[in-house]
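Taking it in order: structure first as structure tokens, then the write-up.
The values are calculated or read from the model by the stated rules, or taken from the named source; none is laboratory data. These numbers come from a predicted model, not from an experiment. So basically every Cβ, Gly included, is an ideal-geometry build from the backbone, and we count neighbours across all protein chains shown. Only protein heavy atoms, including side chains, enter the accessible area calculation; ligands, DNA and RNA are left aside. Shrake-Rupley method; radii C 1.70, N 1.55, O 1.52, S 1.80 Å.
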Amino acid sequence: MTRNQSTQTELKQIQHAHKTLQSQNKYSLGIVMTMASVLQNTFQTKLAALKSHGLISHQDYDMAHFVLENFQFVIVQCCQHNETVEVGVRKALKGQNFTIEEISQFIARQPSEVRIPWCKNTVEGFVAACRNLVADKGKNTAKHAESAEATS
């Protein structure tokens with residue numbers, strides 16, 4: 001009888017610990033979603049500024065806009081559903097005009113500051129790639145143009 005009581009007590013403790021962890025996870029996911037939303041808005045604002053200053057081509061803008069428009073979705077797929085960035089992007093592409101190959105080609109054309117973190121296929125890499133996608137675009141565009149002229 002004592003063994004049964006100790007098993008019941010242990011079960012209640014485990015259930016309580018599980019409930020506590022679920023609550024903490026829900027809270028943490030809420031924070032992640034809020035931060036992802038704020039970052040998404042910040043990145044979209046920077047992308048719009050790049051477009052208005054003519055620092056990004058229309059085609060690249062469309063691709064970057066798609067990636068940034070789905071920033072929070074991809075983060076949630078990775079954090080809540082334990083998916084890779086690639087799987088999250090593939091899910092975001094359903095019903096869209098773009099393909100994963102077009103997104104990959106777009107990323108391949110970007111500076112290493114975008115390509116390398118993106119290729120890590122992790123949340124951290126995705127955030128860094130998106131941040132770098134809209135940061136110092138004028139400098140990156142100038143460097144890219146100079147290197148293109150040097151090789152011509």
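Between THR122 and ASP62, the contour length at 0.36 nm per residue exceeds the alpha carbon distance by 19.3 nm. Simple rule: put +1 on each Lys or Arg Cβ and -1 on each Asp or Glu Cβ in the chain, find the dipole, and look at GLY30, GLN59, ILE107; the Cα lying farthest toward the positive end is GLY30.
For the pair VAL38 and ASN82, label points projected 7 Å from Cα toward Cβ lie 2.9 nm apart. Evaluating 6.51 cos²θ - 1.76 cosθ + 1.60 at θ = phi - 60° for every residue in region 79-86, the Karplus couplings come out as 7, 8, 10, 6, 9, 7, 4, 4 Hz, glycine and proline recorded as x.
Here the chain has 54 percent of its accessible surface on carbon and sulfur atoms, given a 1.4 Å probe and all protein chains in place.
Estimate the FRET efficiency between ILE31 and GLN5 by the formula 1/(1 + (r/R0)^6), using the beta-carbon distance for r and 35 Å for R0, to the nearest 0.05.
Values: r = 40 Å, r/R0 = 1.13.
Approximately 0.35, to the nearest 0.05.
Scan (1) -0.48, -0.87, -1.10, -1.35; (2) -0.59, -0.89, -1.07, -1.25; (3) -0.59, -0.97, -1.16, -1.31 for the value of log10 I(q)/I(0) by the Debye sum over Cα atoms at q = 0.12, 0.16, 0.18, 0.20 Å⁻¹ calculated from this model and give just the label. Checking each listed value against the structure points to (2). Charging the Cβ of each Asp and Glu at -1 and of each Lys and Arg at +1, and nothing else, the dipole of the chain about its Cα centre rounds to 580 debye.
Taken over the Cα atoms of region 1-90, the convex hull encloses 76 Å³ per residue. When shorter helices are ignored and each DSSP H run of at least 4 residues is given -39500 (n - 2.57), the per-residue value for the chain at 222 nm works out to -27500 deg cm²/dmol.
Computed with a 1.4 Å probe over protein heavy atoms only, the accessible surface of region 1-80 comes to 70 Å² per residue.
A 1.4 Å probe over all protein chains sorts GLU86, GLU101 by accessible area into GLU101, GLU86, starting with the largest. Compute the helix-to-body angle for 137-151: its Cα long axis versus the longest principal axis of the chain, expressed 0 to 90° and rounded to tens. Taking Cα atoms only, the helix is inclined about 50 degrees.
With each label modelled as a point 7 angstrom along the Cα→C-beta vector, the THR99-ALA48 pair spans 3.2 nm.
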